[in-house]
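Asks: Let me begin by handing over the structure; questions about it come next.
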Amino acid sequence: MLKRLNLEHILFLDIETVPQSSTFKELDKTTQLLYEQKTKYQRKDEHTAEEFYDRAGIWAEFGKIICISVGYFKMQGDIRNFRVTSFHGNEISILKEFKVLIESHFNKPQHVLCAHNGKEFDFPYIARRMVIHGIELPFKLNLFGKKPWEVPHLDTLELWKFGDYKTFTSLKLMAHVLGIPSPKDDIDGSQVRDVYYKENDIDRIIIYCEKDTITVAQIILKLRNEALLEEDEVLSV
């Protein structure tokens with residue numbers, strides 16, 4: 001089934017998120033209390049809510065999107081390239097620009113969105129943040145009333161499970177075992193918050209996000225038993 005998909009019909013993506021504020025103290029009292037309640041199970045008695053706030057970015061209710069990187073294939077005869085670009089800046093602008101892209105270029109029935117763990121994280125996170133900001137959901141993110149086989153989403157983690165729901169495999173591990181080459185990491189997901197709030201270096205985050213987007217595309221190629229992308233086939237636009 002995966003082989004039947006036209007690669008040009010897939011929009012690959014990755015998002016980077018951070019807590020809504022740089023510190024727990026900046027939150028209003030109600031939000032602090034709700035965060036404390038939300039994270040009680042994860043924290044147990046080992047951390048206070050304030051100590052645990054560096055992880056707030058994983059929840060759409062307490063985090064925000066600072067970058068969405070997207071990539072797509074373009075085929076011209078035997079020539080193949082993969083074009084990657086990123087949306088960053090104000091979260092509302094990021095979401096609106098992303099929405100314009102998918103509604104203008106990836107809005108047909110054959111088009112699908114693809115991310116690693118996208119069904120559990122990226123897709124619902126984007127949708128929730130759009131709803132919070134009063135942005136009407138694009139068709140590709142509005143799942144209400146859709147049957148499972150009608151959902152236009154691909155998830156490389158789900159594909160790798162082959163029906164096994166007992167385990168989680170990181171993008172980094174999956175790329176490693178599949179022999180997908182990757183340049184040396186500059187940062188990892190746990191460092192994004194500090195790079196954003198302390199170093200104010202969005203460019204490093206964009207590079208990291210785009211690299212993950214390219215890796216997701218490489219995984220799809222590997223699952224289709226096709227040649228991986230070479231460096232000269234990847235273009236920043």
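Where a number appears in this text, it was derived from the coordinates with a stated rule and is not lab data. In this text the structure is predicted, and so the values were computed from the model without any measurement. Glycine gets a Cβ as well: all are built from the backbone with ideal geometry, and neighbour counts include every protein chain shown.
Asks: Sorted by average packing, counted as other Cβ atoms within 10 angstrom per residue and highest first, what order do 191-203, 135-147 take?
Replies: 191-203, 135-147
Asks: Send over the per residue convex hull volume for the chain, Cα only, as a whole number of Å³.
Replies: Taking the convex hull of the Cα positions in the chain, it is 151 Å³ per residue.
Asks: Follow-up question, since we're still on this one. So, with +1 on the Cβ of K and R and -1 on the Cβ of D and E, and no other charges, what is the size of the charge dipole of the chain about its Cα centre, to the nearest 20 debye?
Replies: Dipole size: approximately 880 debye.
Asks: Here's a follow-up. Could you sort the peptides 161-168, 124-131 by per-residue average Cβ neighbour count (10 Å cutoff), highest mean leading?
Replies: Ranking, from highest mean packing down: 124-131, 161-168.
Asks: What is the count of Lys pairs in the range 67-172 whose alpha carbons sit under 22 Å apart, if the two are 8 or more places apart or on different chains?
Replies: For the range 67-172, qualifying lysine pairs total 22.
Asks: Residue separation times 0.36 nm, minus the C-alpha to C-alpha distance between S170 and N6: what's the value?
Replies: Length gained between S170 and N6: 56.5 nm.
Asks: While we're on this one: Near K29, which aspartates and glutamates are there with a Cα under 13 Å away, not counting those fewer than 8 places off in the same chain?
Replies: By straight Cα distance, K29 reaches E50.
Asks: Sort 3-16, 75-88 by packing, meaning the average of other beta carbons within 10 Å per residue, with the highest value first.
Replies: 3-16, 75-88
Asks: May I pose another question? Positive end of the charge dipole of the chain (Lys, Arg +1 and Asp, Glu -1 on Cβ, about the Cα centre): tell me which of I135, Q32, P181 has its Cα farthest that way.
Replies: In the chain, that residue is I135.
Asks: Using label points projected 7 Å from each Cα along Cα→Cβ, tell me how many nm separate H47 and H133, to one decimal.
Replies: 2.6 nm
Asks: For the range 192-237, with only Lys/Arg (+1) and Asp/Glu (-1) charged at the beta-carbon, what is the dipole magnitude about the Cα centre, in debye rounded to 20?
Replies: Computed charge dipole of the range 192-237: roughly 280 debye.
Asks: Okay, next question. Multiplying the sequence separation of D186 and E97 by 0.36 nm and subtracting their Cα-Cα distance, what value in nm do you get?
Replies: Full extension of this stretch gives 29.4 nm more.
Asks: Just from its helices, what would the mean residue ellipticity at 222 nm be for the chain, if runs of 4 or more DSSP H residues each count -39500 (n - 2.57) and the sum is divided by every residue, rounded to the nearest 500 deg cm²/dmol?
Replies: After summing the helix terms and dividing by the residues of the chain, the value is -10000 deg cm²/dmol.
Asks: Which of the lysines could a cross-linker span from K25 if the Cα-Cα distance has to be under 22 Å and same-chain partners fewer than 8 positions apart are dropped?
Replies: Filter leaves K38, K40, K44, K64, K198.
Asks: Can you list which of the trypsin sites (Lys or Arg not before Pro) found in the range 22-61 are DSSP loop residues with at most 13 other C-beta atoms within 10 Å?
Replies: Taking the range 22-61 and a limit of 13 other Cβ atoms within 10 Å, the loop trypsin sites (Lys or Arg not before Pro) found are K44.
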